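The values are calculated or read from the model by the stated rules, or taken from the named source; none is laboratory data. Note that the structure is a prediction, hence the values are computed from the model and not measured. Note: ideal-geometry Cβ built from the backbone for every residue, glycine included; neighbour counts use all protein chains shown. What goes into the accessible areas is simple: the full protein's heavy atoms, side chains included, and nothing from ligands, DNA or RNA. Shrake-Rupley method; radii C 1.70, N 1.55, O 1.52, S 1.80 Å.
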There are 2 protein chains.
Amino acid sequence: MERIPILQMGEFLLVTIQVDMHDRLAMTLQDDLTNRISQTNASGVLIDISALDIVDSFIGRILGNIAKMSQVMDAETVVVGMQPAVAITLVELGLSLTGIRTALNVEKGMALLQATVGKAANAQFIATEWDLEDDAED
Amino acid sequence: MERIPILQMGEFLLVTIQVDMHDRLAMTLQDDLTNRISQTNASGVLIDISALDIVDSFIGRILGNIAKMSQVMDAETVVVGMQPAVAITLVELGLSLTGIRTALNVEKGMALLQATVGKAANAQFIATEWDLEDDAED
């Protein structure tokens, strides 16, 4: 069966979309990705769309869904490698990829993820410290 | 035009093959990859074939060619993510991927590349030191 491979790079997962997405392929990708996040305890997902010449509302919705699902599983999503022509068309069509963060390429996307995950970890750490202090005061 | 994206990860390039290779696509990939090695001064190439259900002699030859071209341009090539069934079929068909190094997944492939590149850099360094000594004796 056709499926899009998911590569693990440290604590992040990398998905390169090269083929035209159709309903079943998108469902399979969502299933595979959520399973992999759960198995690997990944903290971030990079989706590379540099091979896509067209990003329509269907692809936009899939990317949005993946971002939301990952978010629920405590993993950040960054879409990377959008072609200039795709960005122009998206704006001209009035399609905004709401809730999706983007970066120029994989390296910048990974840096963005690392910064976000690091900040989240710090916030968690501070929250834990506060909890401890609260406990101490009780 | 259809083309396989090449992602840069630090000093390595990552290529994920997901679609059936045909002659023109293979040629385009070879062109793109050699150009990218030259532009980015990459020291290693990772080729992920986890999406391929079949690796025949044509794919084998392409992988071999890419490995040789990269070698000439001073970049090592590692093929990663081969499916177990593919490995079994390759051996049963008597196809040996001569001159191609493999690793289980991207992370192990990257570690192998790093080890190889590090060793090569050391050898280069030692060779340079010898040259210096020779020069000093002259």
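Structure summary
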read-out	value
Residue list for the range A:57-92, filter: over 17 Å from the mean Cα position of the chain (by Cα) and without any contact (Cβ under 8 Å) to a residue 12 or more places away in the chain	A:Pro84, A:Ala87, A:Ile88, A:Val91, A:Glu92
Where B:Thr77 falls short, out of the listed (1) assigned to a strand (DSSP E or B); (2) within 12 Å of another protein chain (Cβ to nearest Cβ); (3) surrounded by 19 or more Cβ atoms within 10 Å (Cβ to Cβ)	(2)
Where a residue in the range A:34-53 is among the charged types (D, E, K, R) and its partner, wherever it lies, is assigned to a helix (DSSP H, G or I), with Cβ under 7 Å and at least six apart	A:Asp48/A:Val106
Residues of the range B:87-104 satisfying the condition of being within 13 Å of B:Ser50 (Cα to Cα) and crowded, with 17+ Cβ neighbours inside 10 Å	B:Thr102, B:Ala103
Pick from the range B:1-50, criterion of a type in the set (Val, Ile, Thr), closer than 15 Å to B:Asn65 by Cβ and part of a helix (DSSP H, G or I), ranking: most open to solvent (accessible area, probe 1.4 Å)	B:Thr34
Selection status of B:Gly99, at pLDDT below 95 and outside any helix (DSSP H, G or I)	yes
Conditions (1) under 29 Å from B:Met110 (Cβ atoms); (2) more than 12 Å from every other protein chain (Cβ to nearest Cβ); number of the one not met by A:Arg24	(1)
